[in-house]
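The structure appears right after this line, and notes come after that.
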Amino acid sequence: MGTKKEIHDVVMIGAGPAALSAAIYTTREDIDTVLFEKGVIGGLAAVTAWVDNYPGFIKGVAGLELSDSLQKQAERFGADIRLGEVTKIEIDGKLKKLTTSEGDIYAKAVLIATGSDYRKLGIPGEETFYGKGVHYCATCDGAFYREKKLVVVGGGNSAVQESIFLTKFATHIDLLVRGDSMRASEILQHELAKHKDKITVHMNTVTNEIVGENGKVVKVLAKNVKTGKIISYKTDGVFVFIGLIPNTQFLKDSKIELDNIGMIKTKSNMETSMDGVFAAGDVRSGATMQIASATGEGATAALMIRKYMDPHASTGY
Amino acid sequence: MVKNITIFTTNTCAYCVMVKKYLGSKNMTYEEVNLDDQPERQAEAFKLSGALTVPVTLITKDDDTQDVVVGYNLSKLASAIA
Ligand SMILES: Cc1cc2nc3c(=O)[nH]c(=O)nc-3n(C[C@H](O)[C@H](O)[C@H](O)COP(=O)(O)OP(=O)(O)OC[C@H]3O[C@@H](n4cnc5c(N)ncnc54)[C@H](O)[C@@H]3O)c2cc1C
């Protein structure tokens, strides 16, 4: 005798801003919703020190506080957030079957909101010193660098924002930027300029190797591509913020269509190429990688899911 | 059986919150050492984990054997408190 299938209206994969927002909408409509989160509830928003551009917060808001509020708001309406990882998704008759670390679960509709993970440099020393001098999360590991020197790699918003956060701890930061201009927004570059006593920016600088002695990071070797010179930056640690890769590896063998960089393709109603499976937030092809867009896409996806489950339902109010 | 649990955390670390949430969901009590408030205990966390990161969770069993879980690792935490 087989055990009874666990079936829900909606299962959401991930519990970042996109899924939590979607869950606020679905659960408020009494659509039974389970979320699976393999990492931090709140996603990348939870590990961001300070969020300055999420609407509604005059002075900005700590990432951890924002994600805590999103979680509590979703749970207020009955969202069931479980800690676990989804590893496979397939069609099973009219249902979708999800394989998870906590067992199989079935849903009438699915939302994939798995966001993305930090991209690695792929250079010598990076693996060896992972967590012991090479880091990807300033809010987690920055405190270990009080009164120490740091190198930060990257030239986008995250690199600048997190470098500024790290000045709380480090005495000095060398910011290594590969290109000849920064991708960070004007306003962040402006903020960065205010910290020039502590942060030195090096343009056209490609990071080649992280070098350690006696188990500790001591320097970073980088090449100035304009002069061809190899420069050695003495440091106690390295923080890497060079962009993100979509969390879609678990979809590799599924029928869900991805774009050429591995993000999920959707139709205008946010539905993927698999019937009843929707995608929202950073993982969706064309996403603008912002918390405000992720929460907006989450809300849209929830309304589209409602429409999918009840074709007579309206998609607005 | 678990005798006691100590978690090394910082104020801004989201993964620390998750370890606390997980242990809370299993009705486990723990002592928290916040390294922002007690930076002098950083060396202790490093000695246990060999890593410059939080959370570091130290689980002491009734027979005084100890498990150290570095980071938020659900499967390791689950087997350490089993
Ligand atoms: C350092 C940094 C600073 C940033 N600063 C800002 C800012 O100031 N303002 C702003 O608007 N945006 C900022 N962003 C971007 C913002 O964090 C993202 O756009 C937003 O978090 C995307 O939300 P999401 O829900 O789509 O994905 P995510 O936040 O990435 O959440 C996805 C969740 O899914 C989980 N997951 C993945 N795969 C699985 C699986 N198989 N099973 C179960 N769970 C899974 C992940 O663990 C994760 O928690 C920043 C990003 C970074 C990295």
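Remarks
- Of the whole protein surface, A:Glu213 contributes about 110 Å² of accessible area at a 1.4 Å probe radius.
- Note on chain A: helix-only mean residue ellipticity at 222 nm, from DSSP H runs of 4+ residues weighted -39500 (n - 2.57) and normalised by residue number, equals -6500 deg cm²/dmol.
- Protein accessible area in the protein assembly as shown, 1.4 Å probe - carbon and sulfur %: 50 percent
- Ignoring lysines fewer than eight residues from A:Lys255 along the same chain, the ones with Cα atoms less than 21 angstrom from its Cα are A:Lys88, A:Lys94, A:Lys96, A:Lys97, A:Lys108, A:Lys265, A:Lys267.
- Counting only residues at least eight positions apart within a chain, or on another chain, the lysines with an alpha carbon under 17 Å from that of A:Lys120 are A:Lys132.
- Percent of C-alpha pairs per 10 Å bin, the range A:120-240, short to long: 14, 49, 33, 4, 0
- Cβ-derived FRET efficiency at R0 25 Å, A:Glu209 paired with A:Asp180, nearest 0.05: 0.70
- Peptide B:22-31 is shielded by partner chain Cβ atoms: per residue, an average of 0 of them sit within 10 Å of its Cβ.
- Counting only lysines at least 8 places from B:Lys21 when in the same chain, those with an alpha carbon closer than 16 Å to its own are A:Lys38, A:Lys72, B:Lys76.
- If the Kirkwood radius is taken over C-alpha pairs of the range A:190-277, then at 4 °C and 1.567 mPa s the Stokes-Einstein diffusion coefficient equals 75 µm²/s.
- Label-point separation in nm, A:Lys267 to B:Asn4, each point 7 Å along Cα→Cβ: 6.0 nm
- Inter-probe distance in nm under a simple model that places probes 7 Å from Cα toward Cβ, at A:Ser314 and A:Gln73: 2.2 nm
- Summarising the strand pairing of the range A:120-240, around 45 percent of its internal DSSP beta bridges are antiparallel.
- Relative contact order for the range A:3-85, counting Cα pairs under 8 Å that sit 6 or more residues apart, in percent: 35 percent
- B:Ala78/A:Lys216 FRET efficiency (R0 45 Å; Cβ-Cβ; nearest 0.05): 0.90
- Low-density loop positions, trypsin sites (Lys or Arg not before Pro), the range A:249-298 - DSSP coil, at most 15 other Cβ in 10 Å: A:Lys252, A:Lys255, A:Lys265, A:Lys267
- Accessible-area ranking of B:Arg41, A:Arg178, largest first, probe 1.4 Å: A:Arg178, B:Arg41
- Dividing the mean sequence gap of close Cα pairs (under 8 Å, 6+ apart) by how many residues the range A:120-240 holds gives a relative contact order of 32 percent.
- Solvent-accessible area buried by pairing B with A, both sides, nearest 100 square angstrom, 1.4 angstrom probe: 1900 Å²
- Taking amide H atoms as placed 1.01 Å from N in the peptide plane, the amide H of A:His8 lies under 5 Å from those of A:Tyr106, A:Ala107, A:Lys108, each 5 or more residues away in sequence or on another chain.
- Its Cα gyration tensor gives the range A:55-179 an equivalent ellipsoid. The semi-axes, each the square root of 5 times an eigenvalue, are 37, 21, 13 Å from largest down.
- Inter-site label distance for B:Lys26 and A:Met289 at 7 Å from Cα along Cβ, in nm: 3.6 nm
- Extents of chain A, largest first, come to 64, 45, 32 Å (Cα atoms, principal axes, whole angstrom).
- Label-zone membership for the range A:274-304, site A:Arg119, 7 angstrom Cα→C-beta point, backbone N under 18 Å: A:282-290
- Theoretical gain in end-to-end length, A:Gln249 to A:Asp197 [0.36 nm per residue, Cα-Cα removed]: 14.5 nm
- Across the range A:234-311 the C-alpha pair distances fall into 10 Å bins from zero in the proportions 17, 43, 25, 9, 5, 1, 0 percent.
- Annotation: A:His190 carries an accessible surface of approximately 130 Å², with a 1.4 Å probe and no ligand, DNA or RNA atoms counted.
- Average beta-carbon neighbours from other chains, 10 Å sphere, peptide B:42-55: 4
- Relative contact order computed over chain A (Cα-Cα under 8 Å; 6+ residues apart), in percent: 20 percent
- Per-peptide average of other Cβ atoms within 10 Å, ordering B:26-35, A:7-16, A:126-135 highest first: A:7-16, A:126-135, B:26-35
- Per residue, the solvent-accessible area of chain B (1.4 Å probe, heavy atoms of protein chains only, all protein chains present) comes to 48 Å².
The values are calculated or read from the model by the stated rules, or taken from the named source; none is laboratory data. In this text the structure is predicted, and so the values were computed from the model without any measurement. Ideal geometry is used to build each Cβ from the backbone, glycine not excepted, and the neighbour counts take in all protein chains shown. These accessible areas exclude ligands, DNA and RNA; they are computed on the full protein's heavy atoms, side chains included. Shrake-Rupley method; radii C 1.70, N 1.55, O 1.52, S 1.80 Å.
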